[in-house]
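Visitor: One structure coming up, written as structure tokens, with questions to follow.
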């Protein structure tokens, strides 16, 4: 017959064993999962709290649309890519060659890596033919196989990387552009009070 002291010893050993296994399970569970989530507080990346868009390039480097330009993260270091002026960046899009296009307030362009491996911003706004047209906020950047579309409320800027030219599409009088998308390599945009439209063969049409 097992004594009372012996029973107490067995009980505490069993309890210690269970506690140890639970602790090990919790420790390992912090690294188990797909994907493993790591949160980065604002004070760590040292930029505005709101991130409007995010994209990953072919090298695995992350880019974030934030106040003041674009923020780059290589997995270790954070770096701000300035535009040379104060602005908010709202959208990012990458083409099949890995080039990332940027839409911001009164600004649109793309990111380019120099010979030293540093990423810089290159503006395309100087290509617009109507210099009197104020760009406004570029809310969306969309891609087809031939063109890049920068969408604002008052205009759509169609950029051709091959020709390095921009064509501008305007809404009807008092009209506004909102809610664009690409379907079967065709660009679609909604014009308020008119409906869904598309750009095809150089024309905007219902």
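Visitor: Would you mind finding the one in 166, 156 that is under 20 Å from residue 87 (Cβ atoms) and in contact with a helix residue (DSSP H, G or I) (Cβ under 9 Å, 6 or more places away or on another chain)?
Guide: That would be 166, the only listed residue that is under 20 Å from residue 87 (Cβ atoms) and in contact with a helix residue (DSSP H, G or I) (Cβ under 9 Å, 6 or more places away or on another chain).
Visitor: Can you tell me how many residues in the range 118-138 are within 16 Å of the chain's Cα centre (by Cα) and closer than 19 Å to residue 167 by Cβ?
Guide: 1
Visitor: Suppose the filter is more than 25 Å from residue 153 (Cα to Cα), in contact with a strand residue (DSSP E or B) (Cβ under 9 Å, 6 or more places away or on another chain), modelled with pLDDT of 85 or more and surrounded by 10 or more Cβ atoms within 10 Å (Cβ to Cβ); does residue 47 pass it?
Guide: No: the conditions fail for residue 47.
Visitor: Which residues, counting only those in the range 128-138, are loosely packed, with under 15 Cβ neighbours inside 10 Å and touching a residue at least 24 places away in the same chain (Cβ under 8 Å)?
Guide: Listed by number, the residues that qualify are 129, 130, 133, 134, 136.
Visitor: When both residues are 6+ apart or on different chains and their Cβ atoms are under 9 Å apart, which pairs have a first residue that lies in the range 36-49 and is assigned to a loop (DSSP other than H, G, I, E, B), and a second that is exposed (fewer than 10 other Cβ atoms within 10 Å of the Cβ) and modelled with pLDDT under 85?
Guide: Taking only residues 6 or more apart or on different chains, the pairs are 36/30.
Visitor: Condition first: in contact (Cβ under 8 Å) with a residue 40 or more places away in the chain and surrounded by 13 or more Cβ atoms within 10 Å (Cβ to Cβ). Now tell me which residues in the range 169-188 satisfy that.
Guide: Listed by number, the residues that qualify are 180, 182, 187.
Visitor: On to the next question. Return the residues of the range 103-117 that are under 19 Å from the mean Cα position of the chain (by Cα) and either within 27 Å of residue 176 (Cβ to Cβ) or surrounded by fewer than 19 Cβ atoms within 10 Å (Cβ to Cβ) (or both); say none if nothing qualifies.
Guide: Selection gives 103, 104, 105, 106, 107, 108, 109, 110, 112, 113.
Visitor: Give just the number: which of (1) at pLDDT below 90; (2) exposed (fewer than 12 other Cβ atoms within 10 Å of the Cβ); (3) over 20 Å from residue 118 (Cβ atoms) does residue 96 not satisfy?
Guide: (1)
Visitor: For residue 141, all conditions in the list (1) assigned to a loop (DSSP other than H, G, I, E, B); (2) within 20 Å of the chain's Cα centre (by Cα); (3) surrounded by 14 or more Cβ atoms within 10 Å (Cβ to Cβ) hold save one; what is the number of the exception?
Guide: (1)
Visitor: Here is a further query. Any chance the range 23-40 includes a residue that's within 29 Å of residue 182 (Cβ to Cβ) and modelled with pLDDT under 80?
Guide: yes
Visitor: Between 180, 163, 154, which is under 22 Å from residue 127 (Cβ atoms) and outside any loop (DSSP other than H, G, I, E, B)?
Guide: Residue meeting the stated conditions: 180.
Visitor: Follow-up question, since we're still on this one. Which residue out of 171, 161, 82 is under 24 Å from residue 194 (Cα atoms) and in contact with a strand residue (DSSP E or B) (Cβ under 8 Å, 6 or more places away or on another chain)?
Guide: When all the criteria are applied, what remains is 171.
The values are calculated or read from the model by the stated rules, or taken from the named source; none is laboratory data. None of the values given here were measured: they were computed from a predicted structure. Every residue, glycine as well, gets a Cβ built from its backbone with ideal geometry; the counts of neighbours run over all protein chains shown.
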